[in-house]
Structures are given as structure tokens and as C-alpha cells.
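A.B. asks: Got a structure here, written out as C-alpha cells. Questions coming.
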Amino acid sequence: MGEIIDGKALAKEIREGLKKEVTTLKEKGIIPHLAVIMVGDNDASKVYVRNKSKACEEIGIEYEEYLLKSDISQKSLLDLIKDLNKDDKINGILLQSPIPKPLNIQEAFDTILPEKDVDGFNPYNVGNLCIGQAGFIPCTPLGIMKMFEKYKIEIEGKKVCIIGRSNIVGKPMAQCMLSKNATVTICHSRTKELKKELEDADIIIAAAGKRNIVTEDIIKEGAVIIDVGMNRDDDGKLCGDVDFEKIKDKASYITPVPGGVGPMTIAMLMSNVVEAAKLQN
């Protein structure tokens with residue numbers, strides 16, 4: 001049986017370390033402070049925002065929430081971000097996605113100051129990741145890299161297949177893996193022979209948002225499987241993009257859903273907020 005990567009336990013370990021760090025910062029008069037903006041009434045977003053609030057409370061990060069109506073204008077949204085940019089006590093700004101149409105989320109990300117962009121979606125931070133310079137890295141890819149580090153999973157020279165090309169996971173994940181000298185293939189909805197791409201991969205990172213897109217017959221023995229998917233099975237139970245029960249004995253390492261990548265994403269957000277507070281002070 002492959003080793004199950006316990007994202008929940010690792011995230012707890014990281015949060016404990018951050019808690020101590022925040023206590024030390026507060027003794028120096030530095031109080032990390034996160035502002036979260038949520039537009040509309042998306043149920044999934046409400047859950048994510050609530051989890052972020054709980055994590056801040058646990059670690060000692062000050063937290064502000066801005067719940068905006070779905071019919072807010074683009075100008076009003078940008079004006080709020082600009083006000084938070086100017087507020088010296090706010091270290092990190094997070095705009096919860098998705099936001100209702102016809103609002104332009106990229107324009108909003110562009111408006112967040114790079115030094116307060118704890119989600120890593122401002123073009124400045126995206127560019128820094130691409131050229132290997134310091135900057136904020138999106139939380140999910142960063143969390144996955146921490147998992148590889150913790151479990152001492154070798155990346156250099158490995159064939160990595162990423163399913164999904166989103167700006168949140170797929171693209172930044174590819175850059176993270178390239179920075180560690182992996183050979184990277186990105187697959188997506190237009191990929192013609194997904195099975196052929198996956199069969200030879202040493203590491204598969206599934207972020208397609210499609211249940212059981214990765215099955216036992218299309219992975220090789222000993223592959224590392226990272227499941228970023230968040231789906232529901234026929235019984236309404238949370239599951240990922242990977243057929244976990246059938247693959248876990250064939251993989252060398254595998255993340256479960258829930259309890260894998262999800263907790264790490266929030267832990268990395270907290271880490272980015274603490275880092276932002278240090279850099280700004």
C-alpha cells in the first residue's frame with residue numbers, strides 16, 4: 001500500500017509554528033492582519049471564508065471580513081481594494097473567488113498591491129514565480145510543494161503531469177515544479193490522449209474538478225498522486241479527481257480527499273499573511 005500524505009497533520013504542524021511566530025511578532029508590536037472580501041452569496045465560498053476566519057483566530061492573526069452584495073459595481077469593488085491597500089494595518093488582502101458576472105476578477109487581482117497579495121494572483125507575483133524571483137506563491141501549489149518537502153519526495157528529473165490549467169492551481173503548479181527541475185506536461189479539457197500522458201508520469205497532480213478522471217489503469221506502479229479535486233460522489237460524500245480506493249495500493253504516495261491538499265491551502269494562506277506582515281514591518 002502506498003503512503004497516504006496526511007495534509008491535515010502537516011497543516012496542523014505548520015499552524016502551530018505560525019502561532020508561536022505570531023506571538024513573537026506581537027511582542028515586537030507587529031500584528032498580522034488579513035482582510036477578506038466576498039462578493040455575492042456562494043455557499044462554497046462561505047465555507048472557505050469561515051475556515052479562513054477560524055484559522056486566523058487560532059493563530060492570532062487579526063481578521064476583517066467584507067461581505068458585498070452581488071450587484072456591487074466594479075468601481076465600488078476596486079475602491080474598497082484601494083482603501084485596503086492604503087490601510088497600513090492591513091497586511092494581506094484576499095478576494096474570494098468566484099465573484100458574480102459581469103465583475104472582472106482579474107482587474108480586481110491586478111488592483112491588490114503585490115506586497116498585500118497573499119493569494120499570489122497579482123501579475124507582479126505571477127511574473128516573479130515564472131522567472132524564479134521572490135514573491136507570493138498561490139496557496140494550493142505552495143501547500144503541495146510543502147508536502148513534497150515534508151515527505152522527501154524527489155522532484156528533480158521526474159516526469160510530472162498536471163491535469164488542469166487554471167491560474168489558481170495548474171499554471172502556478174507547473175512553474176513550481178519547473179523550478180525544481182522536473183519535466184512538466186499540462187493536460188486539460190482539450191488534451192486528446194490523456195491516458196497516454198498519464199501512463200508515463202512519475203507524479204500526477206489532478207486539478208480538473210472532475211470525479212475519477214484518474215483511474216488505476218492509467219497510472220504506473222509507484223506514481224505519486226496529488227488530488228486537488230473537490231467533488232461529490234453519488235451519496236453526496238466529498239471526493240476528489242482520483243479513484244482513491246483503487247489507486248492507493250498502486251501509488252507510492254497519495255493524498256486523500258478530504259484531509260489532503262485542502263488543509264494545506266489554508267495553512268499556506270496563513271503563512272503568506274505572516275510573511276507579508278514581516279516584510280511590511
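Each reported figure results from applying straightforward, stated rules to the coordinates on display, with no laboratory input. Everything numeric here is computed off the predicted structure, so don't read it as measured data. Cβ atoms come from the backbone with ideal geometry, glycine included; neighbour counts cover every protein chain shown.
A.B. asks: Between segment 202-258 and segment 2-29, what is the separation of their alpha carbon centroids in Å?
C.D. replies: Between the Cα centre of segment 202-258 and that of segment 2-29, the gap is 26 Å.
A.B. asks: Can you list the residues, at least 5 places off or on another chain, whose amide H is less than 5 Å from the amide H of A201, using H built in the peptide plane?
C.D. replies: K220
A.B. asks: Kirkwood hydrodynamic radius for segment 130-169: how many Å is it when counted over pairs of different Cα atoms?
C.D. replies: Kirkwood radius, segment 130-169: 11.9 Å.
A.B. asks: Looking at segment 235-268, which trypsin sites (Lys or Arg not before Pro) are in a loop (DSSP not H, G, I, E or B) and have at most 16 other Cβ atoms within 10 Å?
C.D. replies: Filter output for segment 235-268: K237.
A.B. asks: How about segment 201-281: which GluC sites (Glu not before Pro) there lie in a loop by DSSP and see at most 11 other Cβ atoms within 10 Å?
C.D. replies: Sparse-neighbourhood loop GluC sites (Glu not before Pro): E221.
A.B. asks: Residue separation times 0.36 nm, minus the C-alpha to C-alpha distance between N104 and E16: what's the value?
C.D. replies: Extra length available between N104 and E16 comes to 28.0 nm.
A.B. asks: Identify all lysines with a Cα-Cα distance to K89 below 21 Å; exclude those on the same chain that are fewer than 8 residues away in sequence.
C.D. replies: Counting by Cα, and skipping residues close in sequence, K89 has these lysines nearby: K19, K20, K26, K28, K52, K54, K116, K278.
A.B. asks: If you keep only loop residues by DSSP, which GluC sites (Glu not before Pro) in segment 100-187 have at most 16 other Cβ atoms within 10 Å of their Cβ?
C.D. replies: E154, E156
A.B. asks: Using Stokes-Einstein with the Kirkwood hydrodynamic radius over Cα pairs, what translational diffusion coefficient do you get for segment 29-115 at 10 °C and a viscosity of 1.306 mPa s, in µm²/s rounded to a whole number?
C.D. replies: 118 µm²/s
A.B. asks: Taking other Cβ within 10 Å of each residue's Cβ, how do L77, L67 sort, fewest first?
C.D. replies: Ordered by Cβ neighbours within 10 Å, fewest first: L67, L77.
A.B. asks: For the chain, what log10 I(q)/I(0) values come out of the Debye formula at q = 0.13, 0.15, 0.16 1/Å, with one point per alpha carbon and no solvent?
C.D. replies: -0.90, -1.17, -1.30
A.B. asks: Residues with beta-carbon under 13 Å from that of L178, excluding L178: net charge, scoring Lys, Arg +1 and Asp, Glu -1?
C.D. replies: Net of charged neighbours comes to +3.
A.B. asks: Using 7 Å Cα-to-Cβ label points, what is the E57/D217 separation (nm, one decimal)?
C.D. replies: Each label point lies 7 Å from its Cα, and together they span 4.8 nm.
A.B. asks: What's the magnitude of the charge dipole for the chain around its Cα centre, counting Lys and Arg as +1 and Asp and Glu as -1 at the beta-carbon? Answer in Debye, nearest 20.
C.D. replies: Around 200 debye, computed over the chain.
A.B. asks: Would you work out the charge dipole size for segment 139-261 about its Cα centre, treating the Cβ of every Lys and Arg as +1 and the Cβ of every Asp and Glu as -1, and quote it to the nearest 20 debye?
C.D. replies: Using Cβ point charges on Lys, Arg, Asp and Glu, segment 139-261 gives about 460 debye.
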